Amino acid sequence: MKEIPFETVKDTVAKLCMDANFDIGDDIIDALKHAVEIEESPTGKDILKQILENDRISHEEKVAACQDTGFAVFWVEIGSELRISGGELYDAIKQGVVKGYKEGYLRKSIVEDPLRRKNTGDNTPPIIYTDIVPGDKLKITVQPKGGGAENMSEVKMLTPADGAEGFKDFVVDRVRRSKANPCPPVIVGAAIGGTFEKCAMLAKKAQLRKVGSVHPDPFYADMEKELLERINNLGIGPQGLGGRVTALAVFVEAFPCHIATMPCAVNMCCHASRHKTAIL
Amino acid sequence: MVKNITTPLTDELVAGLHAGDSVLISGTIYTGRDLAHKRLVEALTAGKDLPFDLKGAVIYYVGPAPAPPGKPIGSAGPTTSYRMDPYTPLLLEKGLKGMVGKGNRGQSVLDAIKKYKAVYFAAVGGAAALISGSIKAAKVIAYDELGPEAVRELQVENFPAIVVDDIYGEDLYEKGTARYRKE
Ligand code: SF4
């Protein structure tokens, strides 16, 4: 059984939190550059250039690309042939978040209780989703998630009769109603199937895909294309001030579901879509 | 054309701003978001003094990241404005002239903007590292215990923003979206 020291996990997590907030992915930078080319609104073009300049400063000066450095969400794949020595995995991740958010001067955005709203002061607890997988590797992905785009997300229990059209209309309508709030251009994570909570999780996980990647299932690849076109015809544009580029990508995840159900979810993400992965 | 404006804002200055104008703001502005707004309104309702003079003031909806060594402030982009809507009309009635945030406002705020002659600016959400370069000094003046939500007094130079809602009832979100919609 492979052993991974507690401290290694903690330090890795701390670095992932900082890197995610300082380094917007190349896929997004490329998509933003392309957006500058195709955007018709002069204000929109200007905004896209400001975002690119922002992401350059963030990368070079190692400062947070967005001040909302988010809820620290983790997707962890734990090989069944490994164990953490010197402590518990959840603690290591939590302490890594404390360290990363402190050393990176990242904002502490978590309140202890949703109604009494006292800041925890160290951006914990993180949210951790785990999968047990074969092998002896530990794969950790952090996805800091800001509040503005999260607030524009929704789960809806459609019925099987609503079909593909119902799902597509739901996704497009969710973006339409979000207007400027999730800091467009956005990345739309959409999911269909599973159960109520599984669907929501898949919509969030969908955003980990690379912008520009094509869905492996041609049926959904076509749907993603159609959705992106419909969303970009809404006219919302960069920052909602009008324009051609409302979304940089639409990612759809599907999962088997019950004969009576058709859960649908949209998790919105802003252009500051942040995620970083490490494999130990 | 980019307009240079200086705080505090006057009726005259606000009257010259139109939805779609790009502006560079210089002078003193104050930060305030969800919990700070709640407290400001509670103080006003209880007849207490506010931590800053509202007359002609500009509030920036932001909860900045902590300042790294050698910088006055960390990344500091706008947060979504509609969450401040329940508190905004009263602040406008008491003299607030400008708000900087992102995202659409509710009807009660749009009405109050017209009625009390104020202006709502958008800054680019997510351009926080870029925007923080225009903030030259920052100090907490109230509610320190709220961490990122404390009220800060900022000295800004050429802070980039766009006029979204003006005193004439124009709204750039509506106007811009209608212009590029293809449905
Ligand atoms: S929606 Fe994204 S870019 Fe906008 S403020 Fe929130 S985290 Fe930042």
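The values are calculated or read from the model by the stated rules, or taken from the named source; none is laboratory data. Computed from a prediction, not measured in an experiment: that's the story for all the values here. Note: ideal-geometry Cβ built from the backbone for every residue, glycine included; neighbour counts use all protein chains shown. Ligands, DNA and RNA are stripped out before the accessible areas are found, and what is left, the full protein with its side chains, is counted by its heavy atoms. Shrake-Rupley method; radii C 1.70, N 1.55, O 1.52, S 1.80 Å.
Binning at 20 angstrom from zero up to the longest distance, how are the C-alpha pair distances of the protein assembly as shown distributed in percent?
Reading the bins upward from 0: 25, 56, 18, 1.
Sticking with the crude label model, points 7 Å out along Cα→Cβ, report the distance from A:E88 to B:E145 in nm, one decimal please.
The modelled label-to-label distance comes out at 3.0 nm.
Suppose the chain between A:S80 and A:M1 were pulled fully straight at 0.36 nm per residue; how much longer would it get relative to their current alpha carbon spacing? Display every interim value, and only then the final one.
Working: separation 79, 0.36 × 79 = 28.44 nm, distance 0.87 nm.
So the extension gain works out to 27.6 nm.
Quick one: Cα centre-to-centre distance for region A:136-162 and region A:179-200, in angstrom?
When both Cα centres are located, 6 Å separates them.
Please determine, in degrees from 0 to 90 and to the nearest 10, the orientation of helix A:26-38 with respect to the longest principal axis defined by the Cα atoms of chain A, where the helix direction is its Cα long axis.
20 degrees
As an exercise, use a Förster radius of 35 Å and the Cβ-Cβ distance of B:K48 and B:E12 to find the FRET efficiency, rounded to the nearest 0.05. Intermediate values should be presented prior to the final figure.
Working: r = 31 Å, r/R0 = 0.88.
It comes out at approximately 0.70.
Which of the cysteines found in chain A have nothing to pair with, since no other Cys Cβ lies under 4.7 Å from theirs?
A:C17, A:C66, A:C199, A:C257, A:C264, A:C269
Between A:I128 and A:F219, how many nm apart are label points set 7 Å from Cα along the C-beta direction?
If labels sit at A:I128 and A:F219, their model points lie 3.7 nm apart.
Counting pairs of alpha carbon atoms under 8 Å apart in space and at least six apart in sequence, what relative contact order in percent does region B:104-168 give?
Working: 78 pairs, mean separation 28.4, N = 65.
This gives 44 percent for region B:104-168.
Considering only A:I84, A:I259, A:I38, give the residue with the highest GNM mean-square fluctuation for chain A, with springs between Cα atoms whenever their separation is below 10 Å.
Maximum among the listed residues: A:I259.
If you average the sequence gap of Cα pairs under 8 Å that are 6 or more apart and divide by the length of region A:148-273, what percent do you get for the contact order?
46 percent
If I take every Cα pair under 8 Å that is 6 or more residues apart in chain A, average their sequence separation and divide by the length, what percent do I get for the relative contact order?
26 percent
For region A:148-273, what is one quarter of the convex hull surface built on the Cα atoms, given in nm²?
With every direction weighted equally, the projected area is 6.6 nm².
Straight-line reach from A:K137: which aspartates and glutamates fall under 13 Å, measuring Cα to Cα and dropping same-chain residues less than 8 apart?
Qualifying aspartates and glutamates at Cα under 13 Å: A:E3, A:E77, A:E81.
Tell me the per residue accessible area of the protein assembly as shown using a 1.4 Å probe; a whole number in Å² is fine.
Per-residue accessible area for the protein assembly as shown comes out at 41 Å².
How well do other chains shield peptide A:223-235, expressed as the mean number of their Cβ atoms within 10 Å of each residue Cβ?
Mean partner-chain Cβ count within 10 Å for A:223-235: 2.
Under the rule a/c < 1.5 gives rounded, and otherwise a/b versus b/c splits prolate from oblate, where does region A:174-239 land using the Cα gyration tensor? It would help to have the intermediate numbers written out before the result.
Values: a/c = 1.85, a/b = 1.31, b/c = 1.41.
Taking the square roots of the gyration eigenvalues as a ≥ b ≥ c, region A:174-239 is oblate.
Suppose R0 equals 41 Å; then what is the FRET efficiency for B:Q107 and A:T195 from their Cβ-Cβ distance, rounded to the nearest 0.05?
0.60
When N counts the residues of region A:96-135, how does its alpha-carbon radius of gyration compare numerically with 2.2 N^0.38 Å, as a ratio? Can you show the working numbers first?
Working: Rg = 13.4 Å, N = 40, 2.2 N^0.38 = 8.9 Å.
Normalised by 2.2 N^0.38 Å, the Cα Rg of region A:96-135 equals 1.50.
Along each of the three principal axes of the Cα atoms of region A:42-145, give the extent in whole Å, ordering the values from largest to smallest.
Principal extents (largest minus smallest coordinate, Cα): 55, 38, 24 Å.
At R0 = 56 Å, how high is the FRET efficiency between B:T28 and A:I38 if r is their beta carbon distance? Nearest 0.05 is fine. Present the calculation step by step, with values, prior to reporting the outcome.
Values: r = 40 Å, r/R0 = 0.71.
The formula returns an efficiency of 0.90 here.
As an exercise, take the mean of 1/r over every pair of distinct alpha carbons in region A:93-223, invert it, and state the Kirkwood radius in angstroms.
It is 17.5 Å.
If one computes the Cα centroid of region A:74-130 and of region B:120-144, what distance in Å separates the two points?
Rounded to whole Å, the Cα centres lie 27 Å apart.
Distance from the Cα centre of region B:3-36 to that of region A:22-46, in angstrom?
27 Å
How crowded by other chains is A:96-108, given as the mean number of beta carbons from other chains within 10 Å of each beta carbon?
Mean shielding by partner chains, rounded to a whole number: 3.
Could you tell me which of the pairs B:K117/B:K182; B:K114/B:K175; A:K102/B:K136 are separated by over 28 angstrom between their Cα atoms in the structure shown?
B:K117/B:K182
With a 10 Å radius around each residue's Cβ, average the other Cβ atoms per peptide and rank A:45-54, A:111-120, highest first.
A:45-54, A:111-120
Given a cut-off of 25 Å, what percent of all Cα-Cα pairs of region B:22-162 lie beyond it?
19 percent
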